[in-house]
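S.K.: Dumping the structure here so I can ask a few things about it.
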Amino acid sequence: MELEVVKAELVLPTHLSFKQIQMYEKYPKGQSRGRHWKHLKQILQAENHQNHPPDEPNYVNIESPPSMHPCKRICDITGYEAPYYDPRTNLRYANADVFKLVRSLPKEYVQSYLALRNAAVVLK
Amino acid sequence: MLLVPSCWTLGERVTVSLSLSLSLSQSLRALARARILYKERNPNSPIQKKKKMPFISKIERQSDYHLFPSTTPIVIDNGASYFRIGWAGEAEPRVIFRNIVQRPRHKATGETVTIVGDHDPALLRYFDCTRSGPRSAFDSNVVYQFEIMEYILDFAFDRLGANGSRIDHPVLITECVCNPVQSRSKMAELLFETYGVPSVAFGVDAAFSYKYNQQLGVCAKDGLALCPGFTTTHVIPFIDGEPVYKGSCRTNIGGYHITDYLKQLLSLKYPQHMARFTWEKVEDLKMEHCYIAQDYFSEVRLFQKGDKEAEDKTRCWQLPWIPPPTEEPPSEEEIARKAAIKERQGQRLREMAEAKRSSRINELENELHGLEFLLQQLEHVEEHNIPSFLSETGYVSKQEIESAVQKVTQSLRKAKGEPKGDQAEAEEKTDPATNERFPLINIPDNMLTPEQLKEKRRQLFLKTTSEGRQRAKQKRFESELERERKNQQDEEKRLENPELYLEQLRAKYKDLSEKVEQRKRLKTNGNHTNGNNFSGGVGRGERLNAAQRERMRLLTTAAFDRGKGEDTFGARDEDWQLYKLMSKDNDDDDEGLDQDEAEMARLSSRLQEIDPTFVPKLEIVTSQPIEVPRLRPLTKEDFQILLGVERFRCPEILFRPNWIAVDQAGLDEMTGISIRRLSPVGQEVEERLTNSIFITGGSCLFPGMSKRLVAGIRMIRPCGSPIRVVKASDPVLDAWRGAAAYATAPQFLTQTFSRTDYYEKGEDWLRRYQLRYTL
């Protein structure tokens, strides 16, 4: 190791005295490490919610419902208030100048702007 | 390199120059560290309300681990953004670092190492980080990757100074609200099995923060805790000092989403600087410049109008930029020297040309002499001997020799450099020569032999072509004269009335440019649609331009004319003439455009010469929203990044998650939902709750948050109910401080559970395990 790396103690040492089982014993090299961790969705599915009383708060229960307020739309590009949207590209725009810009954007930019609000066309 | 000035006041145009070197952020961090130390020593003195403290990492190894008896709990605040660990009873956590892990390969040795937290990128150049990005143990706010969690805990305990055979202290660790039991049990298992911890307690960070501030008197026994965090935002009601999770509410929006949104907006707006917008940099920008507008749409209208106020609110980030070295005007000696060199080169070239010319003249003269000699000899030879005599020399008849002589004399004259008038003469001379060359034309047909007829046809053809060429030349000459005359007229007009002339030119230019633009627009709208195409018609349903429409019309009428049922198009030769019509249409269109463009170019060059204020209309190169015209060198402005609307557009998503397509309620609505979810508690309790609305968490540091919340909550509560919003004394560290204060209480150990408890009582008990916060 280079001197400054050692001095800065950048790297985690492999053997730590206070651990009962060291990392290299727990996860021996060569095995697929960590691919078996369940993601949040799977964890939540595994929680058997039917068995528990429904009015007990749990991770899924306390999620907020969709908003009741009417959604105010803003222009995708400038952030101004946008009463209009372009049917060809599905982008919202605020006035004629922005519209010119919208029509002149190449495809990648259009899709990126739409992806900001999760409206991009996703090909599976 | 400028240090950041310490106060921003509206109404002052402040231009910030941030250099991108890490040293600046390090110096900022040093400043922040100094502030923390100051606060530690004088805990009650309010520090001047500065914008925001950037988060800092403290990772020095502590050396006093052995001083703490094994009853002292270790307190861990396991947040999605930062991990804080320290001893119970202290005011500050000992070790703070970002909750991420990287596993790059060391370049020299090839082994894979683990690096926890964020580090100086300069040191990371020894590692190959291409295949290992920073990874977090969290998915939303729940820990799911326990291998990474283990690395983090390793690092944390190591830096805390642990050196025994096990961690022999009770551990209080924070988790999210209503943590799924799997995550909880795996965490407990990790702590018990791998670290040998005797007892563990789990708590919610927002609750600890609330309790701590309750003791400080900031909030009351009953209240609502709003906690916008890194990945999620919670609202938890507190009644009698205990959190009521039944009424709590969670939206999956946090500081991470704000930073991500800002990063994407900036990258799209300034694609040429996309590489500069790293996550860390954007987070710094967010903490420096973002604020929450009182009313989003009125702020935005300010910017739309382009007021001076809007300009004041726009921050400008100047990227480091080196102007290209200006060439100094060459000094006198330089000019003289260069001129001398050029002169010498010119001289050399002229000499060479002279030498060539004289040699060529010599050659030609020799040839001429030879030919003349031949002619003379020919005089002496008899008629019938001519062919045999001449066969040696290569000429067939006397005329050929004479014409050769003429040619040579001509070129000799040219070589000697006589004026062009003679050349015109010579050309005219060729005219009678050509007439002589076509002797057979004038003789009528019936008097000639078949070969002579053929000869005559050839001569006729040659004559017509040469006549045509002359006519074309004449026309060109005339048009040249015409243009000269027009230019003269133009010049006169300009001299007599420059302003009017300029006006006319400009008007003409404008008309032309509009025409060209319109034609182009029709063309591109027909051929290039960027996005959704609706089906129907030609190919992919693109709108047809005039030429294509004409084509379709011709084809369909041709097919129609034949009559129904039978398609006999093509049986007759004349049918195919149709295609001749079609292709001509296409050409016309393009030609017209070219002519107009040429005219426009000419006009624009004229205007550029004489009009100082004229700016040629550049083609709208459609690749970027911000154009970088390559015609002029890049200036300072191209390297400036303006943050205007983005400053308050990004934090606004806390209140309107719909803008990121997260279909949940925003912060102000969540309070209403939370109050509603509590089973009917009565008007009075509700009023007490809204009277003490407490905000904590890193993302609540945006300026303008409190006012906005008051306005938002007032809209959903009945009129006249008391609303009071208080901010935590230190939103970032209060959770840890609260936990530390909690752990010092003597009854703390009754709230923990030990390893035996964990194994005996099983999962169900673990699920129902909740901390009791008032001891």
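S.K.: Looking only at region B:648-658, which residues are in contact (Cβ under 8 Å) with a residue 24 or more places away in the chain and either among the small types (Gly, Ala, Ser) or assigned to a helix (DSSP H, G or I) (or both)?
M.R.: Within region B:648-658, B:648, B:649, B:651, B:652, B:653, B:654, B:657 qualify.
S.K.: Looking for whichever is free of Cβ contacts under 8 Å to residues at least 40 places away in the same chain, within 11 Å of chain A (Cβ to nearest Cβ) and not in a helix (DSSP H, G or I) here; the options are B:131, B:166. Which one fits?
M.R.: Values: B:131 fails: within 11 Å of chain A (Cβ to nearest Cβ).
Step by step, each of B:131, B:166 is checked, and only B:166 is free of Cβ contacts under 8 Å to residues at least 40 places away in the same chain, within 11 Å of chain A (Cβ to nearest Cβ) and not in a helix (DSSP H, G or I).
S.K.: For residues in region B:72-99 being among the charged types (D, E, K, R) and touching a helix residue (DSSP H, G or I) at 6+ places or on another chain (Cβ under 8 Å), which is nearest to residue B:208 (Cα to Cα)?
M.R.: Step by step, filter region B:72-99, then rank; the result is B:77.
Matching residues to (1) touching a Ser or Thr at 6+ places or on another chain (Cβ under 7 Å); (2) within 14 Å of another protein chain (Cβ to nearest Cβ); (3) among the charged types (D, E, K, R):
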position: B:256; (1), (2), (3): yes, no, no
position: B:259; (1), (2), (3): no, yes, no
position: B:266; (1), (2), (3): no, yes, no
position: B:270; (1), (2), (3): no, yes, no
position: B:276; (1), (2), (3): no, no, yes
position: B:286; (1), (2), (3): yes, no, yes
position: B:290; (1), (2), (3): no, yes, no
position: B:309; (1), (2), (3): no, no, yes
position: B:317; (1), (2), (3): no, no, no
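S.K.: With the structure loaded, tell me whether residue A:43 is assigned to a loop (DSSP other than H, G, I, E, B) and at pLDDT 85 or above or whether it fails that test.
M.R.: no
S.K.: Does any residue in region B:470-491 that is farther than 27 Å from residue B:502 by Cβ come within less than 9 Å, Cβ to Cβ, of a residue that is surrounded by 10 or more Cβ atoms within 10 Å (Cβ to Cβ) six or more places away or on a different chain, and which pairs are these?
M.R.: That search, which allows pairs on different chains as well, returns B:470/B:431.
S.K.: From (1) under 21 Å from residue B:272 (Cβ atoms); (2) touching a residue at least 12 places away in the same chain (Cβ under 8 Å); (3) of a type outside the set (Val, Ile, Thr), pick out the condition that doesn't hold for residue A:79.
M.R.: (2)
S.K.: Please work out which residue is most open to solvent (accessible area, probe 1.4 Å), limiting yourself to region B:57-101 and to residues that are among the basic types (Lys, Arg) and assigned to a strand (DSSP E or B).
M.R.: Result: B:58.
S.K.: While we're on this one: So residue B:229 clears everything in (1) closer than 30 Å to residue A:57 by Cβ; (2) open to solvent by less than 40 Å² (accessible area, probe 1.4 Å); (3) within 13 Å of another protein chain (Cβ to nearest Cβ) except one condition, right? Which one?
M.R.: The failed condition is (3).
S.K.: Pairs needed: first member in region B:178-199, at positive phi and facing chain A (nearest Cβ under 9 Å); second member anywhere, open to solvent by 20 Å² or more (accessible area, probe 1.4 Å) and part of a helix (DSSP H, G or I); C-beta distance under 8 Å; at least 6 residues apart or different chains.
M.R.: From residues that are at positive phi and facing chain A (nearest Cβ under 9 Å), the pairs are B:178/B:245.
S.K.: What are the residues in region B:101-117 that are under 18 Å from residue B:145 (Cβ atoms) and either in contact (Cβ under 8 Å) with a residue 60 or more places away in the chain or more than 8 Å from chain A (Cβ to nearest Cβ) (or both), if any?
M.R.: B:101, B:102, B:103, B:104, B:112, B:117, listed by residue number.
S.K.: Tell me which residues, restricted to region A:78-124, are open to solvent by 40 Å² or more (accessible area, probe 1.4 Å), more than 10 Å from chain B (Cβ to nearest Cβ) and in contact with a strand residue (DSSP E or B) (Cβ under 7 Å, 6 or more places away or on another chain).
M.R.: A:84, A:85, A:92, A:99
S.K.: Any residue that is at the interface with another protein chain (Cβ under 10 Å from one of its Cβ atoms), assigned to a loop (DSSP other than H, G, I, E, B) and surrounded by fewer than 21 Cβ atoms within 10 Å (Cβ to Cβ) - is there at least one of those in region B:146-157?
M.R.: no
S.K.: Additional query: Does residue B:211 satisfy the condition of being touching a residue at least 40 places away in the same chain (Cβ under 8 Å), assigned to a helix (DSSP H, G or I) and within 11 Å of another protein chain (Cβ to nearest Cβ)?
M.R.: On the way: touching a residue at least 40 places away in the same chain (Cβ under 8 Å): yes; assigned to a helix (DSSP H, G or I): yes; within 11 Å of another protein chain (Cβ to nearest Cβ): no.
Considered against the rule, which asks whether it is touching a residue at least 40 places away in the same chain (Cβ under 8 Å), assigned to a helix (DSSP H, G or I) and within 11 Å of another protein chain (Cβ to nearest Cβ), residue B:211 comes out as no.
S.K.: Are any residues in region B:232-250 among the basic types (Lys, Arg) and in a helix (DSSP H, G or I), and if so, which ones? Reasoning before the result, please.
M.R.: Kept after step one, since they are among the basic types (Lys, Arg), are these residues of region B:232-250: B:246, B:250.
Of everything in region B:232-250, just one residue is among the basic types (Lys, Arg) and in a helix (DSSP H, G or I), namely B:246.
S.K.: On the given criteria, is residue B:224 open to solvent by less than 10 Å² (accessible area, probe 1.4 Å) and more than 10 Å from chain A (Cβ to nearest Cβ)?
M.R.: yes
S.K.: So for region A:55-76 (the condition being more than 7 Å from chain B (Cβ to nearest Cβ), touching a Leu at 6+ places or on another chain (Cβ under 8 Å), closer than 27 Å to residue B:274 by Cα and not in a loop (DSSP other than H, G, I, E, B)), does at least one residue qualify?
M.R.: Looking for residues that are more than 7 Å from chain B (Cβ to nearest Cβ), touching a Leu at 6+ places or on another chain (Cβ under 8 Å), closer than 27 Å to residue B:274 by Cα and not in a loop (DSSP other than H, G, I, E, B), one finds none in region A:55-76, hence no.
S.K.: Out of B:646, B:686, which single residue is at pLDDT 85 or above, out of contact with any strand residue (DSSP E or B) (no Cβ under 9 Å at 6 or more places or on another chain) and under 17 Å from residue B:715 (Cβ atoms)?
M.R.: Every option except B:686 fails the conditions.
S.K.: From the list B:119, B:106, which residue is closer than 20 Å to residue A:29 by Cα and at pLDDT below 85?
M.R.: Only one candidate passes the filter, namely B:106.
S.K.: Inspect all residues belonging to region B:410-425 and state whether any of them is polar (S, T, N, Q), out of contact with any Asp or Glu (no Cβ under 6 Å at 6 or more places or on another chain), modelled with pLDDT of 70 or more and under 30 Å from residue B:370 (Cα atoms).
M.R.: yes
The values are calculated or read from the model by the stated rules, or taken from the named source; none is laboratory data. Bear in mind the structure is a predicted one, so any value in this text is a computation, not a measurement. When we count neighbours, we look across all protein chains shown, and the Cβ atoms used for this are built from the backbone with ideal geometry, even at glycine. Only protein heavy atoms, including side chains, enter the accessible area calculation; ligands, DNA and RNA are left aside. Shrake-Rupley method; radii C 1.70, N 1.55, O 1.52, S 1.80 Å.
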